[in-house]
1. Take the Cα coordinates of segment 355-457, assign each an equal point scatterer, and use the Debye formula without solvent to give log10 I(q)/I(0) at q = 0.11, 0.16, 0.19 Å⁻¹.
2. Given the rule -39500 (n - 2.57) for each run of at least 4 DSSP H residues, summed and divided by the residues of the chain, what is its mean residue ellipticity at 222 nm, to the nearest 500 deg cm²/dmol?
3. If Lys and Arg each add +1 and Asp and Glu each add -1, what is the summed charge of the other residues whose beta carbon sits under 14 Å from the beta carbon of Ala58?
4. Compute the distance from the alpha-carbon center of segment 316-389 to that of segment 164-198, in whole Å.
5. So, R0 is 41 Å and r is the distance between the beta-carbons of Glu170 and Ala313; what FRET efficiency does that work out to, to 0.05?
6. Modelling each spin label as a point 7 Å along the Cα-to-Cβ direction, I'd like the Ala104/Ser296 distance in nm, to one decimal.
7. How much length, in nm to one decimal, is gained on full extension between Ala45 and Arg195, taken as 0.36 nm per residue of separation minus their Cα-Cα distance?
8. Using the alpha-carbon atoms, what tilt in degrees (0 to 90, nearest 10) does helix 391-400 show relative to the longest principal axis of the chain?
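Please treat every number below as a calculation from the coordinates, not as lab data. These numbers come from a predicted model, not from an experiment. So basically every Cβ, Gly included, is an ideal-geometry build from the backbone, and we count neighbours across all protein chains shown.
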Amino acid sequence: MASIPPVDAPAENPAGWGQRVSALWRDNRTEGRALLAISAVFLMAYFMPVGTARFDVAVLEGIHLAHWYAREHVIVCLLPAFLIAGAIAAYINQGAVMRFLGPAAPKPVALGVASLSGILLAVCSCTVLPLFGGIYRRGAGLGPAIAFLYSGPAINILAIVITAKVLGSELGIARAVGAIAFAVVIGMIMHLVYRREEAARANDGSNRAFGGADDGKSMNDTVAFFGLMVGILVIANWAPGEGGVWHFLYTWKWPLTALLGAGFAGVLVLRWGWPPRRVVILAVIVAALALLFPRSPQLAFAAGVLGIASLAALQAGDAHEWFTQSWGFAKQILPLLLAGVLIAGFLLGRPGHEGIIPAAWVATAVGGNSLAANLLASLLGAFMYFATLTEVPIVQGLLGAGMGKGPALALLLAGPALSLPNMLVIRSIIGTEKTLVYCALVVVMATISGFFYGSFWS
């Protein structure tokens with residue numbers, strides 16, 4: 001057997017080695033990324049401080065937050081939101097969307113409609129996501145869609161009222177004015193930055209991939225259909241308040257939700273032609289669950305929402321398309337949200353519980369009214385998950401621990417509209433670059449607003 005002659009080793013040349021490594025990376029990018037990912041996971045697992053008290057507690061906090069999120073938020077918030085988003089894609093006339101929210105729509109009209117829609121919904125940063133995805137994919141311009149995305153969780157009337165009552169009228173007014181201004185300004189900036197791309201999107205016909213344009217249904221039927229679904233979403237998520245109408249609605253929210261659900265079933269049968277027998281069977285099941293488990297109304301609520309989705313899946317035409325679009329949103333959004341909630345719980349914990357980052361560090365860092373303190377408060381709000389109204393007691397506790405009023409406003413303006421789970425889903429809808437621009441705008445504007453508020457009115 002012939003031997004292979006040895007090859008003279010080339011002289012050591014650092015520059016040559018660098019070029020060879022660079023060429024190797026260019027020719028094997030996929031394998032290189034896989035290697036880096038595997039290496040990163042291995043190193044994280046190897047150096048993970050398992051057994052230390054803070055790390056173990058932070059892991060449990062991530063699990064606790066995900067558990068709470070699944071029990072309290074997915075059922076009453078996300079499930080109906082998926083149905084509404086799917087219905088927007090299946091039933092809303094594209095011409096109406098383009099006329100009021102499209103890239104070519106007058107910006108004062110488009111941004112005004114988007115902001116007012118957010119006010120009426122009053123949802124959290126995660127519940128608004130499927131609705132945002134629905135109107136954006138249906139043809140809404142980027143600017144109006146972003147204005148809606150911000151206004152839904154940020155311009156929450158009840159949250160603003162409670163902020164004024166608990167944290168003071170000045171902070172409540174500042175939050176209301178700032179949130180409304182943010183929705184319009186951020187939407188306009190996103191439109192201007194991506195105006196050429198939006199013009200091309202409006203002309204290429206890609207946003208017309210969804211069905212259900214003209215189905216012969218009257219405007220009254222459509223308004224009743226969507227109005228009842230939105231009413232169910234809002235009332236089922238009504239938060240507690242002290243006295244007056246707010247407290248009354250909270251006390252009676254489940255009977256009111258049941259009443260709205262009965263009205264919705266009537267619309268499906270009488271106006272939309274759904275099979276009466278199937279709808280009646282579903283109504284009996286929901287009523288039975290409500291009577292058998294009065295302390296767990298979410299069970300009956302989940303049965304109703306999933307039952308409607310199942311009935312839609314069994315039909316043809318637009319009803320089946322409704323199910324298909326709703327399921328598509330659920331597949332895209334739910335895994336990202338749950339992963340984001342786990343990470344957010346690990347980092348920052350739940351209200352009243354610490355994650356891996358000590359609360360004392362946070363309270364110290366956001367004291368005073370420096371730009372750094374306001375920036376940190378904005379970033380803290382951007383990455384932490386706030387359920388509806390939970391930001392108020394959190395800020396109250398931080399103020400008691402020494403947080404400045406400027407950073408408090410910055411957190412209130414950035415926190416409800418952003419969260420780590422929220423960012424992950426937004427990226428899947430509009431891409432990485434637009435998501436980074438949107439998040440940066442929220443953080444920068446919240447920082448500047450908090451700084452000026454703290455300088456003049458603290």
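1. Rounded to two decimals, the profile gives -0.31, -0.63, -0.86.
2. On the way: 23 runs with 341 residues, N = 458.
Mean residue ellipticity at 222 nm (helix-derived): -24500 deg cm²/dmol.
3. -1
4. Computed from Cα coordinates, the inter-centre distance equals 19 Å.
5. Details: r = 51 Å, r/R0 = 1.25.
For Glu170 and Ala313, the calculated efficiency is 0.20.
6. 5.3
7. Numbers: separation 150, 0.36 × 150 = 54.00 nm, distance 4.45 nm.
Between Ala45 and Arg195, full extension yields 49.6 nm more.
8. Between helix and principal axis, roughly 60 degrees.
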